[in-house]
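Have a look at the structure below, then the notes.
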Amino acid sequence: MQDTAPRDASGVLAVEIWRGGTDGGFARYEVPRRANQTVLDVVTHVQRQIDPTLAYRFACRVGMCGSCAMTVNGRPRWTCRTHVSKVAADGRLAVAPLANLPVVRDLVVDMAPFFDKWARAEGRFIPPQEPQSDFAVVKPASAKRRAADAGIECIGCAVCYAACDIVGWLPDYLGPAALNRAWTLVNDVRDAGRDRRLAAVAGDAGCHACHSQQGCVSHCPKQLNPTESIAGLKRATAWASLRGKL
Amino acid sequence: MGLAAGQTVNAARVEAWLWIAQRLSALLLAACVAVHLAVIIYATRQGVSAAAILGRTRGSPVALAFYGTFVAAIAMHVPIGLRAILRESIGWSGARLELATIALAVLLLALGLRAIGGLV
Ligand code: HEM
Ligand code: SF4
Ligand code: SF4
Ligand code: FES
């Protein structure tokens, strides 16, 4: 496919990149425009060729590790799979750190609060106490397996977390990714931590804080639907409370 | 969060019950609003006078049951929704939040019952 991005006569892209901490500001760089160039390519060029002190994070470059998310022209995105031609149609490119997380420096945010919330949401498999004598058979077509499948491909990039207004307003809110993860485990028939997990994700800092406007859904680069997972948790916690299990 | 384990579980239960109450009251509201609109349209199309309307609603157990349900659903539904807004937008929490929610529910209930008193 041909890259049809507008470029100026010299084939140079002017990019603004956030430098410093929360109180930092944008600095301007000129980067050669290339075909099929990604936003991560642009940032990498600046760090390798112009200013080696620029801090940013990436690993896989192919949309698997979830480490390269940044705010691109005001929206959270995975930068390794975001083509410049797609986001900078008007020739403007501004790259900043993800919102809703503490800025360490330049484009790097501290992901600890994000992953701490996965732990708070009991976002890990909890095996049964008694030893299992046989393999669990989980039918691929079963409703629970399909519900778990729908959310399982999360790469932990925090794009949804940065896109969620409620995270910005209620700093304790677990957020879309942790709740989506909890929902995949609630649907794992081998897991023994259901009641504990539902108690952990219910409440005013959990699934009940979500208003279902789907900012997370429209930004998730893996096309997951955390809103649907959270709605599932609201239903599951309602039934649990009716049964006195909450 | 600085909450004891018992408190966290308690908050979880409160939110779960409020969610159920909001869904149930929303169901009632959907039905009540539909009936209410149909009645308004009927009354205005037919040119029924205020006196004629009161003649039909005064002492009517159906009107009492319908508007009583309507008012109860509103007094339940609206404070729960506004409670979330107070928490997020103004940052209220704890006793202040719960008292404001209950006060709004009581106010809506009182206003609604007064309106019913004028009709039935
Ligand atoms: C008197 C008019 C109404 C007012 C002022 C009102 C207000 C609200 C508010 C403020 C919320 C909270 C939104 C949130 O937490 O995200 C809410 C939620 C809701 N309302 Fe209403 N509402 C009204 C009528 C209705 C009616 C007639 C229905 C039903 C058809 C309805 C259905 C719902 C539902 C299902 C929710 C839950 C949304 C959620 O939390 O995900 N509401 N309402
Ligand atoms: S749907 Fe819920 S989790 Fe997703 S962005 Fe909106 S409030 Fe946040
Ligand atoms: S749900 Fe989507 S946006 Fe959120 S962390 Fe997972 S992959 Fe990223
Ligand atoms: S670098 Fe791994 S997802 Fe972008």
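What the table below lists for this structure:
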| read-out | value |
| --- | --- |
| Taking only Cα atoms of chain B, radius of gyration then Dmax in Å | 18.5, 62 |
| Region B:76-87 - phi-based ³J(HN,Hα) in whole Hz, Karplus 6.51/-1.76/1.60, Gly and Pro as x | 8, 6, 5, x, 5, x, 5, 4, 5, 5, 4, 5 |
| Ranked A:Glu30, A:Glu228, A:Glu153, criterion: other C-beta atoms within 10 Å, fewest first | A:Glu153, A:Glu30, A:Glu228 |
| Isotropic mean projected area of the C-alpha convex hull, region A:7-109 (nm²) | 6.1 |
| Listed residue (B:Ala43, B:Leu86, B:Leu27) projecting farthest to the positive dipole end of chain B, Cβ model | B:Ala43 |
| Per-residue HN-Hα couplings for region A:62-70 [Karplus 6.51, -1.76, 1.60; θ = phi - 60°; Hz; x = Gly/Pro] | 10, x, 10, 8, x, 9, 9, 5, 8 |
| Label point distance in nm, A:Glu153-B:Ala95, each placed 7 Å from Cα along Cα→Cβ | 5.2 |
| Fewest-first ranking of A:Phe125, B:Phe66, A:Phe114, using other Cβ atoms within 10 Å as the exposure measure | A:Phe125, B:Phe66, A:Phe114 |
| Value of D in µm² per second that Stokes-Einstein yields for region A:112-242, Kirkwood Rh from Cα pairs, at 4 °C (1.567 mPa s) | 87 |
| Relative contact order of chain A, pairs being alpha-carbon contacts under 8 Å that are 6 or more residues apart, as % | 17 |
| Per residue Cα convex hull volume in Å³ - calculated over chain A | 147 |
| Extension gain, A:Asp172 back to A:Arg34 (0.36 nm per residue minus Cα-Cα distance, nm) | 45.5 nm |
| Helical mean residue ellipticity (222 nm; -39500 (n - 2.57) per DSSP H run of 4+; nearest 500) of chain A | -8500 deg cm²/dmol |
| Alpha carbon centroid spacing (whole Å) that separates region B:73-120 from region A:207-240 | 26 |
| Over chain B: helical MRE at 222 nm, DSSP H runs n ≥ 4 each giving -39500 (n - 2.57), nearest 500 | -30000 deg cm²/dmol |
| Exposure proxy ranking, count of Cβ atoms within 10 Å, fewest first, for B:Ser93, A:Ser67 | B:Ser93, A:Ser67 |
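Here, each number is a calculation from the coordinates, and none is a lab measurement. For clarity, every value in this text was computed on a predicted model and none was experimentally measured. In this analysis, Cβ positions are derived from the backbone assuming ideal geometry, glycine residues included, and neighbour counts consider all displayed protein chains.
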